[in-house]
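Chemist: Please find one structure pasted underneath; my questions will follow.
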Amino acid sequence: MISGLYQGQDGDARLELRIDVDGLRPTGRVSGDVFSVAGSTTAYVGSFVVNSVAVRAEGDEARIEGRGVFTFDAPVRDVSVTISHGTGRAVVAGRSYPVSYDSPYFRSVLLEQDSVTGAEPFTAYNTGALPCPPGTAARDLGVVEAFAEAGVRLTVARPGVIPVDGSGADLAWDDAELHHAMTQQFSGFGDAVAWRVWLLVASRHVGGYRGIMFDYNDAHQRQGSAVFYDAIKGDSPQAQRAQLRTYVHELGHAFNLLHSWQKNLATPPQPLGPSGGFGDLSWMNYVQNYRPGGEIGYWSAFPFQFTDPELVHLRHGFYRDVAMGANAFGTGAAEITPFEQPVEDRSGLRLEVRAKEAFGFGEPVVVELKLSGTGEARTTHSHLHPDTEFTQICVTRPDGRTLLYRPMMRHCVDSSNEVRLDEGNPAMYRSAYIGHGRDGHYFQQPGEYHVRGQYIAADGSRIVSPSCLVRVRYPVTGDDHRVAELMLGEEQGKLFSLLGSDSPSLRAGNEALDELVDRYGGHPLAVYARLVKGLNAEREFKTLTAGKRLRIRPPDPKRGIEQLTAVAREASIDNITLNLVMRRLARAEARQGDLGRAGTVLDEMVSRFAAKGINPIVMGQIRRQAELTKAALSAEA
């Protein structure tokens with residue numbers, strides 16, 4: 001047994017060497033990271049991996065050789081390692097390092113886990129409690145053990161429990177609150193690369209998700225994840241098994257592991273597994289989407305481990321591609337080849353991306369996605385929004401470059417949610433704000449953009465939309481220029497993605513939107529600042545204090561009504577946003593104690609959509625939505 005982590009130093013150069021040629025699931029590789037040492041500081045230089053090695057034994061000595069792939073300009077690409085009784089010598093990039101055995105784990109990560117009072121963290125699941133694949137050893141498996149089997153040591157810091165102050169009955173978290181909680185609560189959070197990650201065990205998410213790796217923005221991301229107790233709790237073996245998968249899945253994203261069906265979007269692109277990736281027996285697949293057999297097929301065959309390519313990434317991926325706070329999730333760069341229509345399409349589905357005729361410079365770009373049937377009835381999933389990763393958007397800019405839209409927040413929707421497209425329900429629609437994501441603003445200059453969508457259906461089919469033209473007008477007046485400057489700041493983009501936030505880290509963005517409303521309130525784009533301000537005021541906002549206490553800023557319905565009423569009067573906002581605004585406006589009225597006025601707002605919503613000539617099927621859905629909202633507001637009152 002010689003596999004594991006070795007350390008060595010030659011002068012001002014330090015080497016972390018990973019040998020992986022024997023032991024548990026050896027990948028037959030050697031890799032390492034090189035650092036420069038200056039005084040009391042250490043800086044990263046680069047990484048290498050030898051993907052095919054020759055190993056031979058000479059007495060008590062093992063010699064390993066191969067040609068490496070380097071992230072830096074190496075004068076010599078041949079790598080050789082000689083090991084005997086835990087010590088030896090490694091020659092990397094022409095430099096010789098004395099090395100000694102340090103750990104059986106290839107990488108070590110500090111996991112800082114906090115939980116909200118009442119949300120009980122998962123501990124372990126016995127894999128023999130339910131039928132498992134033949135040959136799979138029954139064992140008590142927790143999150144730490146799952147990563148240990150992959151060769152990664154998770155050291156769990158002392159868990160923190162967050163008391164709740166003045167929360168009321170609603171402990172649902174939204175993306176803005178999660179982002180703020182991480183910036184305030186995670187002791188290791190910062191603009192730096194480090195082997196550390198924060199996991200929050202929260203009560204529930206407003207979208208009903210089981211878990212989320214929510215840190216997808218800024219230069220230093222993949223530092224924060226959350227799981228939602230209300231959606232995964234339970235003491236039954238089935239519930240414990242599902243909890244284990246959710247925890248490992250979300251933390252897997254923090255290590256820069258993509259979903260099984262998205263590996264072709266990595267840099268460099270990785271081949272997809274069986275059935276377009278849905279046939280992967282991996283923590284990173286969705287149970288209900290497994291092919292063949294769905295959830296039953298998955299659990300009957302899943303060996304509770306990462307796939308071989310995922311194992312290679314965890315153990316031997318380049319330092320900046322794996323370490324938290326380094327390269328962005330999924331890809332090192334967002335530039336891709338535009339989606340192409342398949343040469344043959346028998347899916348029976350059609351995807352369209354629609355946009356209004358033109359957008360002002362700095363205006364948030366919102367598109368409508370429509371998925372419809374082309375003939376016989378079809379059943380698929382309803383995850384049409386690009387935040388859920390079954391739908392991707394690519395944007396070709398005026399300069400010809402094509403970027404993959406990567407949302408600031410991505411949601412793991414690991415639950416079945418089927419929709420049938422037939423004569424009674426011919427299409428489903430979603431509205432998506434694609435103006436800003438984790439690469440910043442995508443429409444930063446006037447001109448013509450071409451937007452395409454790709455929807456991955458329940459059977460794995462990849463449905464590509466025709467190109468949608470998005471025009472961004474040139475500013476005309478001085479006010480147009482100034483308003484665009486106030487709209488296009490990075491913090492403002494985050495506020496549009498999050499639909500507002502109280503976070504001090506976004507204070508400058510909030511101040512810019514306040515200035516826009518105060519100084520340029522009559523400008524057409526001021527409606528979007530009011531939208532963000534109104535939606536944020538109308539809801540409560542959770543804040544984690546430095547003393548690990550949860551405090552709730554109650555809703556401000558009066559301010560919410562003031563801003564949202566102005567937004568609802570504007571004809572420029574899209575239909576789906578108008579629907580959201582009027583339902584939230586009704587909720588604000590109900591919270592002020594005026595259920596009658598709340599009902600009037602919802603009746604007005606129905607009337608306005610009817611006057612637009614909405615097709616009868618969609619109109620019926622809007623009427624039902626209005627009645628359900630009335631009933632919910634009455635129950636809350």
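The values are calculated or read from the model by the stated rules, or taken from the named source; none is laboratory data. Just so we're clear, the structure is a prediction, and the values are computed from it rather than from any experiment. Note that we place each Cβ from the backbone using ideal geometry, even for glycine, and neighbour counts take in every protein chain shown. For the accessible areas, the whole protein counts, side chains as well, though only heavy atoms, and no ligand, DNA or RNA atoms are used. Shrake-Rupley method; radii C 1.70, N 1.55, O 1.52, S 1.80 Å.
Chemist: Can you tell me which residue in region 55-94 is nearest to Val21 (Cα to Cα), limited to those that are basic (Lys, Arg) and open to solvent by 70 Å² or more (accessible area, probe 1.4 Å)?
Modeler: By that ranking, first place goes to Arg56.
The rows are residues; the columns are (1) closer than 30 Å to Arg291 by Cβ; (2) without any contact (Cβ under 8 Å) to a residue 24 or more places away in the chain.
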position: Asn417; (1), (2): yes, no
position: Met428; (1), (2): yes, no
position: Leu498; (1), (2): no, no
position: Gly509; (1), (2): no, yes
position: Asp514; (1), (2): no, yes
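Chemist: Looking at the structure I just gave you, is Val81 more than 27 Å from Ala146 (Cα to Cα), part of a strand (DSSP E or B) and either more than 34 Å from the chain's Cα centre (by Cα) or free of Cβ contacts under 8 Å to residues at least 40 places away in the same chain (or both)?
Modeler: The answer is yes for Val81.
Chemist: Any residue in region 392-407 that's within 18 Å of Gln445 (Cβ to Cβ): show its pairings with residues that are open to solvent by 20 Å² or more (accessible area, probe 1.4 Å) and acidic (Asp, Glu) at Cβ separation under 7 Å, as long as the two are six or more apart or on different chains.
Modeler: Pro398/Glu448; Arg401/Glu335; Thr402/Glu335; Leu403/Glu335; Leu403/Asp439
Chemist: Of the residues in region 285-344, how many are open to solvent by 50 Å² or more (accessible area, probe 1.4 Å) and in a helix (DSSP H, G or I)?
Modeler: Adding up the residues that qualify gives 6.
Chemist: Is it true that some residue in region 600-607 is outside any helix (DSSP H, G or I) and surrounded by fewer than 18 Cβ atoms within 10 Å (Cβ to Cβ)?
Modeler: Checked against the condition, which is being outside any helix (DSSP H, G or I) and surrounded by fewer than 18 Cβ atoms within 10 Å (Cβ to Cβ), region 600-607 yields no hits at all.
Chemist: Also, quick follow-up: Could you identify the single residue in Gly437, Gly453 that is within 17 Å of the chain's Cα centre (by Cα), open to solvent by less than 10 Å² (accessible area, probe 1.4 Å), closer than 26 Å to Asp174 by Cβ and not hydrophobic (A, V, I, L, M, F, W, C)?
Modeler: From the options Gly437, Gly453, the qualifying one is Gly437.
Chemist: Still on this model: Output the number of residues of region 378-392 satisfying the condition of being touching a Ser or Thr at 6+ places or on another chain (Cβ under 9 Å) and either open to solvent by 10 Å² or more (accessible area, probe 1.4 Å) or assigned to a strand (DSSP E or B) (or both).
Modeler: Summing the residues that are touching a Ser or Thr at 6+ places or on another chain (Cβ under 9 Å) and either open to solvent by 10 Å² or more (accessible area, probe 1.4 Å) or assigned to a strand (DSSP E or B) (or both) in region 378-392 gives 5.
Chemist: I would also like to ask the following. I need the full set of residues from region 545-589 which are open to solvent by 50 Å² or more (accessible area, probe 1.4 Å), of a type in the set (Lys, Arg) and in contact (Cβ under 8 Å) with a residue 12 or more places away in the chain, in order please.
Modeler: Those that are open to solvent by 50 Å² or more (accessible area, probe 1.4 Å), of a type in the set (Lys, Arg) and in contact (Cβ under 8 Å) with a residue 12 or more places away in the chain: Lys548, Arg549, Arg551, Arg553, Lys558, Arg559, Arg583, Arg587.
Let's see how each residue does on (1) within 18 Å of Leu24 (Cβ to Cβ); (2) open to solvent by 30 Å² or more (accessible area, probe 1.4 Å):
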{"site": "Arg107", "(1), (2)": "yes, no"}
{"site": "Asp114", "(1), (2)": "no, no"}
{"site": "Ala124", "(1), (2)": "no, yes"}
{"site": "Ala138", "(1), (2)": "yes, yes"}
{"site": "Glu145", "(1), (2)": "yes, yes"}
{"site": "Gly151", "(1), (2)": "yes, no"}
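Chemist: Of (1) part of a loop (DSSP other than H, G, I, E, B); (2) surrounded by fewer than 21 Cβ atoms within 10 Å (Cβ to Cβ), Met428 satisfies all except one. Which?
Modeler: So the condition that Met428 fails would be (1).
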